[in-house]
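Worksheet for the structure shown next.
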Amino acid sequence: MSDLTNGDAVFESAAELFKLLATPVRLKVISAVCNGERNVSELLEQIDTTQPNMSQHLTTLYRAGVLGKRREGTQIYYRLQSERVAQLCRAVCMQVAMDMEDEQPKASAERLRPHPKRAGT
């Protein structure tokens, strides 16, 4: 019975992580800090959102342990705290990008193919 309970805990934990990452702004923040820490101004230059919205997402990611932060004067710098989350985001986003690239030629070919009713017209 404990194996089932442990399995349930794994699925619950994974579901919580996916829920945390289910917002494009949060994925963009994680991507932005993968190569080094950024302050809020730098993140706002890269990510199209408002400052209050950005702060809300940063707080959520910080409380979840995904981001770490440090203060330097009036600036707060955010850094990636969880490499596991970064690896997951990279894997998923890369797979989605590859799938989208694979779909583009098919969609283009479909648009170029004559419509069956129009072919004989």
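The values are calculated or read from the model by the stated rules, or taken from the named source; none is laboratory data. Note that the coordinates shown come from a computational prediction; the quantities given were computed from them, not determined experimentally. Glycine also receives a Cβ, built like all others from the backbone with ideal geometry; neighbour counts cover every protein chain displayed. With ligands, DNA and RNA removed, areas are computed over all heavy atoms of the protein, side chains included. Shrake-Rupley method; radii C 1.70, N 1.55, O 1.52, S 1.80 Å.
Key figures for this structure:
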| read-out | value |
| --- | --- |
| Residue that is farthest from ILE76 (Cα to Cα), among those in the stretch 17-38 that are surrounded by fewer than 16 Cβ atoms within 10 Å (Cβ to Cβ) and either among the polar types (S, T, N, Q) or over 14 Å from the mean Cα position of the chain (by Cα) (or both) | THR23 |
| Residues that are under 18 Å from CYS89 (Cβ atoms) and open to solvent by 70 Å² or more (accessible area, probe 1.4 Å), drawn from the stretch 39-62 | GLN46, TYR62 |
| Among the candidates ALA91, ALA107, residue that is under 15 Å from LEU17 (Cα atoms), at pLDDT below 95 and open to solvent by less than 90 Å² (accessible area, probe 1.4 Å) | ALA91 |
| Odd one out for LEU67 among (1) surrounded by 15 or more Cβ atoms within 10 Å (Cβ to Cβ); (2) modelled with pLDDT under 95 | (2) |
